[in-house]
1. Could you go through region 93-114 and let me know if any residue there is without any contact (Cβ under 8 Å) to a residue 60 or more places away in the chain, in a loop (DSSP other than H, G, I, E, B) and touching a Cys at 6+ places or on another chain (Cβ under 7 Å).
2. Outside any loop (DSSP other than H, G, I, E, B), among the small types (G, A, S) and within 17 Å of S25 (Cβ to Cβ) - does that describe any residue in region 81-89?
3. Taking P45 and the conditions (1) assigned to a loop (DSSP other than H, G, I, E, B); (2) surrounded by 20 or more Cβ atoms within 10 Å (Cβ to Cβ), which numbered condition does it fall short on, given that it satisfies the others?
4. Which of the residues spanning region 63-100 are of a type in the set (D, E, K, R) and either touching a strand residue (DSSP E or B) at 6+ places or on another chain (Cβ under 7 Å) or farther than 16 Å from C42 by Cα (or both)?
5. Check whether at least one residue in region 68-83 is modelled with pLDDT under 80 and more than 14 Å from the ligand (Cβ to nearest atom), and report yes or no.
6. When you scan region 100-121, do you find a residue that is charged (D, E, K, R) and surrounded by 19 or more Cβ atoms within 10 Å (Cβ to Cβ), even just one?
7. Any idea which residue in region 45-59 is farthest from L33 (Cα to Cα), counting only those that are more than 9 Å from the ligand (Cβ to nearest atom) and at pLDDT 90 or above?
8. Among the residues of region 7-27, are any surrounded by 11 or more Cβ atoms within 10 Å (Cβ to Cβ) and modelled with pLDDT of 80 or more?
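The values are calculated or read from the model by the stated rules, or taken from the named source; none is laboratory data. All values derive from a computational prediction rather than experimental measurement. Note that we place each Cβ from the backbone using ideal geometry, even for glycine, and neighbour counts take in every protein chain shown.
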Amino acid sequence: MWHLLIQYVVTDQSLLNLQSVFPRSLALAALDLVDRGNVLKCIGPAQHHYNVLGSTATHRVFLNMPGPMPAYCTCPAFAYLVLSSESYLMCKHVLAARLADQMGRCVDQPVNSDELASIIMQEYS
Ligand SMILES: [Zn+2]
């Protein structure tokens with residue numbers, strides 16, 4: 001698995017620093033999620049997000065957001081490690097979504113407008 005990541009990373013300049021930026025355990029956990037097909041790409045009419053199935057819960061990941069924060073995840077680790085303490089640049093779900101997207105390993109899941117409305121309601125309520 002680790003070799004796979006290295007192989008992948010050296011072909012992609014944007015993730016070239018993956019090893020130095022992320023703890024190995026985080027990178028391995030993210031790769032494991034990709035490998036299990038746990039990254040669902042939810043494609044809506046205007047935008048898309050990712051549902052990453054964790055061991056205890058499903059977390060919603062947003063990538064390529066406008067503004068100072070390029071990615072966001074709804075998991076507690078993201079809130080604590082990334083937003084509060086700034087110890088990490090991203091959680092394993094964000095990393096998994098990025099990797100899955102670039103490796104073409106996302107499971108596409110079209111979202112209809114009703115589902116999208118309920119997602120938006122949850123986000124802003
Ligand atoms: Zn997360």
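1. First, pick out the residues of region 93-114 that are without any contact (Cβ under 8 Å) to a residue 60 or more places away in the chain: 94, 97, 104, 112, 114.
Cutting the leftovers down to in a loop (DSSP other than H, G, I, E, B) gives us 104, 112.
Right, trim to touching a Cys at 6+ places or on another chain (Cβ under 7 Å) and you get none.
No - not one qualifying residue is present in region 93-114.
2. The answer is no; no qualifying residue exists.
3. (2)
4. Hits for region 63-100 are E86, K92.
5. yes
6. Step one: list which residues in region 100-121 are charged (D, E, K, R), which gives 101, 105, 108, 114-115.
Retained after the next criterion (residues that are surrounded by 19 or more Cβ atoms within 10 Å (Cβ to Cβ)): none.
Within region 100-121 (the criterion being charged (D, E, K, R) and surrounded by 19 or more Cβ atoms within 10 Å (Cβ to Cβ)), the answer is no, since none of the residues qualifies.
7. Restricting to residues being more than 9 Å from the ligand (Cβ to nearest atom) and at pLDDT 90 or above, the top hit is H49.
8. Yes, region 7-27 has at least one match.
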